[in-house]
Ligand code: GLN
Ligand code: ZN
C-alpha cells in the first residue's frame, strides 16, 4: 500500500508560522519562541500524515521562508553583501537574504513557476564559493525519526536550482549557471551521505524545471548531474519529482533513463499528456509516483476516476511499483477544511484542502491494495454527483450567453486613434495627463470601519457616510494636487478580487483558506464553484457618488475577468476559458452600467494577466487568445467617447506586447519603475503603439519619495520613444499600502514634473 505526499503547507491551519515569524521580526519574541512554533507545526504535520497511513512522508518541506533559499543556505551561496563569515547559517543571515536588513536590501524574489508562490532567486557567479552551510535537511529528517516517523527528505534538485538562479551583478553575460554543477554536486553528495548515515532510505529531488521547454544542453545537465551523483545513491531509493505541466517527450526520455534514479513523480493533473508517455513506455523495475490528487486546487478528488487511472497504470509500472501521490506539493492549496465553519455542508462536501487530500491519497492507495473503504468512496461519489447536478452550479442563462460568444472576437468598431480623438473632445485633458492607479492609502481607521460593517456592528447608513467622507477627502486631495483624471480611492475594497467575488454569484469564501505567497505572506483566494453572474451593479453607486463630488473625470474602477480568474481557485469541471468568459460577461454589464451612469473613463485592471501564462510556450498563444478576448468582451459595447483604461502589474511584457495591443484598451498604465530600459526597448525596436500608455514613473512598493527631477527625467526618457499625445503620467500601481505622508509629496512631485515638462514641449 504505497502513498506519498510531495510536500505540505508550512504555515499551519491558522497561519501559526506567519504570526510567529512576524512577531520574531518585530522583536516581540525570541528565536526559541519561533523555533518552538516551527517544531510543533512540523511534528503535527508528520503525525497527521503518519496517522492517515501515508507511507512516504516528506521532510525538509518546512521552511522559515522558502525552500530555494534553504538550498542556497545548504550550499553556502550567500551573496557577499550579507557579510556572512562562514559556519552554519543562522537566522539572522538567512532572514537578511530573504528580507534585507537595515543596511543591505533583500535578494530578488520571483514567481515559482506559474503558481502564486514566490521564491528567493539565488545569485551566482564564477566566484561564488560553495560550502555545506545548512544541515537543515538532515536535522529535519532526524527530528521526524525521533518522533518515530521515517520520512523522505526532499531537496531542490541541483539542476533546477541552477536553472532557477540568476547571474550575480557584474557577472558576464556569457557566464553559464550550469557550469557551477561541478561545484555544487560535492555538497549534494555530502548531504546525501549524511542522510543515509542518519537512516534515510529514500530521497526526493524536486526537479520541476523538467516540465519547461529546455534546450538540449540543459537536458544534458540532468544526465550528467545524476550520473555524477550515482555513486552517492548506492543503497538508496531516489525519487525525481516533477510537477506543474506535461513533461515534454524528450525530457521524459532523459528523465526515465537517469542513472541511479529509482522513482519518478509526475503531475497527472496538469500533465494529462504525460499519461500517454507513461503508457507508451515506462522503464521496468522503477517506481511510478502517480500524482493524481490535485495539489493546486481545493476540490475533492473524483476518487472513482483516479482509481481507474491508477488501475490502468498498475499494468504499466507493476502493482508493487505504483505509488499514489499528489500532483505537486500541497503547499499550493489551503490547509484544513476543518476550520471552515462558515461554508455550508453542500459546498464543503465538494472540497478537500491539504489535510483532506492526505486522506484521499491514502484511501486510493488502500483501494489499490484491495482494501477499498466503500463508505468513503460512496460518500465521495455522492459529493461528486451533487456537484455535477446542483442548481447552485449551473445557471442556464449564463451558459447560453457564454456559448453565444463563440465566433465573434468582440472588438470595438473604431480604431483606437479615432476613439482617442472622440474622447479628447469630451474630456479635454492637458497633454501628458496625470492620474493614479486606483487605491489611496488604507488607514487603520478605514479598515476598522469595513470590519465593523461586515460584523454588523455599525449600520449601513453609518458605513456609507464613513466611506463617502473618505472618498470626498481623496477627491479633495487629488484636486489640490491638480491631478487630471481622478480615482475614488477604493476605500470600500478590502481586496481587488474578493470585493467583486463577494458580489458575483458562483463564488464562495473561506475563513482560513490561506495559501503562502511569499515569506509570511498568504493569500486567501475565493472559490469559483458555479456559473458566474452579476445579480446587481457592484461599483456604480460609489463611482457615481465620487463623480458627483468633482467636475474632473472620475475613473470607474473594476477588476478584469482574467485577474479575477487567476487569483481564484477555479472550478475544474469546465475549461478555464469558459469560466473566464462568464466573468467577462458579468464585468461587461458593470462597464455598461457605469457608462450609463455618466462615468466617462473606466479602468479594468488586468494586474494578473501575464502571470497566467502557461509554462510551456506551445500553450501561450491559446491562453493569450482567450485572455485577451475576455478583456475585450468587457468593453466592446461602449461608445467611442468612453475611455477604457487597463492596468498591469508587470512591465516585463516585451514578449506579449502584441497581445497587449490586441486588448485594444484606450489607455494602459503599467508597472515600470524598476525597469524603464526593458520597456523602452520594446518601443525602440519599433513596435507600433498608438494607444495611451502610462508607464509608472515611480515605485510605490518603496516608502522612498521620488524627486521632481527624477520623475521629469524618466518622463523625458519615455518621450524620446513615445508620441507626446499618448503618454500619461502616473505611479506604477495602487497606493493602498503607502502612508499619506509618502503619497502626498510623491504625487506633488509627479505633478510638478509633469507641469515642468509641459512648458518645455
Ligand atoms: N486598482 C488597484 C489599486 O489601485 C490595482 C491594484 C493592482 O494592480 N494590484 O489598488
Ligand atoms: Zn498594479
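Quick rundown of the values:
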read-out: Evaluation of residue 255 against (1) out of contact with any strand residue (DSSP E or B) (no Cβ under 8 Å at 6 or more places or on another chain); (2) in a helix (DSSP H, G or I); (3) within 23 Å of residue 152 (Cβ to Cβ) (one fails), failing number; value: (1)
read-out: Residue, farthest from residue 614 (Cα to Cα), within region 566-590, restricted to residues that are assigned to a helix (DSSP H, G or I) and within 15 Å of ligand 1 (Cβ to nearest atom); value: 590
read-out: Boolean, residue 550 is more than 16 Å from ligand 2 (Cβ to nearest atom), part of a loop (DSSP other than H, G, I, E, B) and modelled with pLDDT of 95 or more; value: yes
read-out: Residue in region 500-516 that is within 16 Å of ligand 2 (Cβ to nearest atom), under 21 Å from residue 586 (Cβ atoms) and either modelled with pLDDT under 95 or surrounded by fewer than 23 Cβ atoms within 10 Å (Cβ to Cβ) (or both) present; value: no
read-out: Residue under evaluation residue 724, criteria (1) within 16 Å of ligand 2 (Cβ to nearest atom); (2) farther than 27 Å from residue 445 by Cβ; (3) loosely packed, with under 15 Cβ neighbours inside 10 Å, criterion not met; value: (1)
read-out: Residue in region 466-484 that is more than 30 Å from residue 755 (Cα to Cα) and either free of Cβ contacts under 8 Å to residues at least 40 places away in the same chain or surrounded by 20 or more Cβ atoms within 10 Å (Cβ to Cβ) (or both) present; value: yes
read-out: Candidate set from region 291-302 (those that are assigned to a strand (DSSP E or B) and touching a strand residue (DSSP E or B) at 6+ places or on another chain (Cβ under 6 Å)); member that is surrounded by the fewest Cβ atoms within 10 Å (Cβ to Cβ); value: 291
read-out: Region 195-234, residues that are farther than 23 Å from residue 6 by Cβ and assigned to a loop (DSSP other than H, G, I, E, B); value: 215, 234
read-out: Complete set of residues in region 462-475 that are over 32 Å from the mean Cα position of the chain (by Cα) and either within 16 Å of ligand 2 (Cβ to nearest atom) or within 16 Å of residue 489 (Cβ to Cβ) (or both); value: 463, 464, 465, 466, 468, 469, 472, 473, 475
read-out: Number of the exception - residue 393 against (1) in a loop (DSSP other than H, G, I, E, B); (2) out of contact with any strand residue (DSSP E or B) (no Cβ under 7 Å at 6 or more places or on another chain); (3) more than 30 Å from residue 641 (Cα to Cα); value: (2)
read-out: Test: residue in region 392-400 that is more than 24 Å from residue 547 (Cα to Cα) and without any contact (Cβ under 8 Å) to a residue 60 or more places away in the chain; value: yes
read-out: Qualifying residue in region 427-436 (condition: in a loop (DSSP other than H, G, I, E, B) and within 16 Å of ligand 2 (Cβ to nearest atom)); value: yes
read-out: Matching residues in region 320-351 - criterion: being in contact with a helix residue (DSSP H, G or I) (Cβ under 8 Å, 6 or more places away or on another chain), surrounded by fewer than 21 Cβ atoms within 10 Å (Cβ to Cβ) and under 29 Å from residue 285 (Cβ atoms); value: none
read-out: Residue in region 605-639 that is surrounded by the most Cβ atoms within 10 Å (Cβ to Cβ), counting only those that are within 16 Å of ligand 2 (Cβ to nearest atom) and in a helix (DSSP H, G or I); value: 631
read-out: Matching residues, region 532-567, being under 26 Å from residue 401 (Cα atoms), touching a strand residue (DSSP E or B) at 6+ places or on another chain (Cβ under 7 Å) and surrounded by 23 or more Cβ atoms within 10 Å (Cβ to Cβ); value: 532, 539, 556, 557, 558, 559, 560, 563
read-out: Matching residues in region 396-426 - criterion: being assigned to a helix (DSSP H, G or I) and either in contact with a helix residue (DSSP H, G or I) (Cβ under 7 Å, 6 or more places away or on another chain) or within 16 Å of ligand 2 (Cβ to nearest atom) (or both); value: 398, 401, 402
read-out: Count - residues of region 622-671 that are within 19 Å of the chain's Cα centre (by Cα) and within 15 Å of ligand 1 (Cβ to nearest atom); value: 9
read-out: Residue 642 within 28 Å of residue 718 (Cβ to Cβ), modelled with pLDDT of 95 or more, touching a strand residue (DSSP E or B) at 6+ places or on another chain (Cβ under 7 Å) and more than 16 Å from ligand 2 (Cβ to nearest atom); value: yes
read-out: Selection count, region 213-248, where residues are under 30 Å from residue 613 (Cα atoms), out of contact with any helix residue (DSSP H, G or I) (no Cβ under 7 Å at 6 or more places or on another chain) and surrounded by 17 or more Cβ atoms within 10 Å (Cβ to Cβ); value: 3
read-out: Top-ranked residue of region 3-30 - restricted to ones that are surrounded by fewer than 19 Cβ atoms within 10 Å (Cβ to Cβ) and touching a helix residue (DSSP H, G or I) at 6+ places or on another chain (Cβ under 6 Å), ranked as farthest from residue 373 (Cα to Cα); value: 29
read-out: Number of the condition not met by residue 586 [criteria: (1) surrounded by fewer than 19 Cβ atoms within 10 Å (Cβ to Cβ); (2) on the phi < 0 side of the Ramachandran plot]; value: (1)
read-out: Boolean, residue 729 is within 15 Å of ligand 1 (Cβ to nearest atom), buried (at least 16 other Cβ atoms within 10 Å of the Cβ) and within 20 Å of residue 488 (Cβ to Cβ); value: no
read-out: Residue match in region 496-504 (condition: out of contact with any helix residue (DSSP H, G or I) (no Cβ under 7 Å at 6 or more places or on another chain) and on the phi > 0 side of the Ramachandran plot); value: no
read-out: Residue 144 in a helix (DSSP H, G or I), on the phi < 0 side of the Ramachandran plot and touching a residue at least 60 places away in the same chain (Cβ under 8 Å); value: yes
read-out: Residue match in region 442-461 (condition: more than 30 Å from residue 96 (Cβ to Cβ) and within 16 Å of ligand 2 (Cβ to nearest atom)); value: no
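Residue by residue, here is whether (1) part of a loop (DSSP other than H, G, I, E, B); (2) more than 16 Å from ligand 2 (Cβ to nearest atom); (3) on the phi > 0 side of the Ramachandran plot holds:
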residue	(1), (2), (3)
655	no, yes, no
658	no, yes, no
661	no, yes, no
668	no, no, no
680	no, yes, no
686	yes, yes, yes
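The values are calculated or read from the model by the stated rules, or taken from the named source; none is laboratory data. Note that the structure is predicted; figures quoted are calculated from it, not measured. When we count neighbours, we look across all protein chains shown, and the Cβ atoms used for this are built from the backbone with ideal geometry, even at glycine.
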